[in-house]
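The values are calculated or read from the model by the stated rules, or taken from the named source; none is laboratory data. In this text, all values refer to a predicted model and were calculated from it rather than measured experimentally. Here the Cβ is made from the backbone with ideal geometry for all residues, glycine too, and neighbour counts use every protein chain on show.
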């Protein structure tokens with residue numbers, strides 16, 4: 001970096017957002033993530049001994065992935081190269097590789113390559129990295145907010161250590177905010193600010209584990225508040241609330257999408273209406289497609305309620321139609337009604353167990369011909385072939401029922417559907433002659 005670039009870098013740091021300026025400079029300043037980089041952990045030992053192996057840092061935004069990479073840059077004796085996957089391509093990878101080869105041959109110097117937002121690289125770009133990570137020419141550190149199992153090629157994952165970063169706690173965010181208010185070099189110390197405890201709590205809470213969100217909201221609150229008596233800027237709860245109009249909810253379609261919908265379904269299955277509403281709110285607040293939620297509710301109605309309360313499927317399908325006609329935000333009420341109906345309904349998985357058992361029978365066992373008395377008679381010559389002979393028409397008998405076999409002879413006594421005895425299935429069980437067993 002030349003003198004002009006150095007001066008430009010210093011100028012940019014001074015004008016950078018507070019979250020960038022307050023990035024930790026040492027491992028001791030690094031907040032939380034103890035399982036990842038706490039004392040004695042594998043990664044910490046490898047950083048301190050400068051024996052890094054390729055790694056993927058993944059987790060929500062604002063949890064320290066890039067900050068830790070920059071700390072490593074300041075510690076390692078290897079050459080540290082940074083590229084952003086949004087703007088970089090295969091040509092950039094080739095340049096880094098060529099320079100790494102030259103550096104290693106001339107100076108015996110290793111190269112650590114940090115790729116921010118590595119999930120933005122397509123398969124071809126990730127494949128271009130693979131041979132050089134494998135032979136050790138490049139020590140890769142990738143950073144991603146996506147689940148690496150979905151976003152990164154398996155061969156690249158298999159050659160890297162995976163480290164999951166968790167959301168910061170409210171207490172950690174409070175410490176960061178207080179540190180920023182007191183820091184006169186990089187933070188907001190020169191503004192002589194006093195902040196109400198409730199306002200500090202609000203900013204720490206509303207950031208939802210994201211240090212970047214919390215720090216930038218604090219900066220907005222401070223710099224837009226005029227100084228009062230004695231030149232002190234007083235941040236009240238009202239000012240803090242205004243600085244962040246809406247909570248930033250951590251949610252991405254390759255990770256939380258599956259986890260939150262799973263929690264939603266399991267809460268309905270577990271007959272917990274409170275948890276059902278909470279996870280539904282999380283889905284909707286994060287912008288999940290209401291049609292997707294409708295499909296999950298309909299599946300759950302048939303799979304986990306079934307014939308214990310057949311009305312559940314009627315409610316679920318009606319809700320899907322209503323959501324399509326109404327749209328958000330009112331559609332959330334319809335979704336809540338359908339989800340609560342299912343959560344509070346009696347449960348039975350006998351329908352799904354029954355159809356699965358029948359599928360297994362068809363898939364694995366020999367299929368016998370349809371018994372003659374069950375074969376169709378609606379075409380010419382069927383009667384002459386003996387089709388329908390011996391069939392008993394149930395409506396010709398008392399109670400519209402007559403005992404006869406409807407299965408092939410080899411599975412004549414097979415039972416697929418066994419009513420659970422819950423809800424309406426208690427009545428079905430009685431009509432079927434009590435609990436059914438194979």
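The table below lists the values:
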item	result
Residue tally, condition under 30 Å from residue 303 (Cβ atoms) and in a loop (DSSP other than H, G, I, E, B), over the stretch 366-395	4
Search result, residues across the stretch 411-435 that are outside any loop (DSSP other than H, G, I, E, B) and exposed (fewer than 12 other Cβ atoms within 10 Å of the Cβ)	430, 431
Residue in the stretch 243-252 that is within 20 Å of residue 187 (Cα to Cα), at pLDDT below 90 and not in a loop (DSSP other than H, G, I, E, B) present	yes
Criterion (in contact (Cβ under 8 Å) with a residue 40 or more places away in the chain and within 26 Å of residue 346 (Cβ to Cβ)) met by exactly one of 293, 261, 333	293
Wholly within the stretch 51-137, helices (runs of 4 or more DSSP H) carrying at least 1 residues that are free of Cβ contacts under 8 Å to residues at least 12 places away in the same chain and in contact with a strand residue (DSSP E or B) (Cβ under 6 Å, 6 or more places away or on another chain)	90-107
Residue tally, condition over 29 Å from residue 166 (Cα atoms) and buried (at least 19 other Cβ atoms within 10 Å of the Cβ), over the stretch 183-224	1
Search result, residues across the stretch 366-391 that are touching a helix residue (DSSP H, G or I) at 6+ places or on another chain (Cβ under 8 Å) and surrounded by 11 or more Cβ atoms within 10 Å (Cβ to Cβ)	368, 371, 386, 387, 388, 389, 391
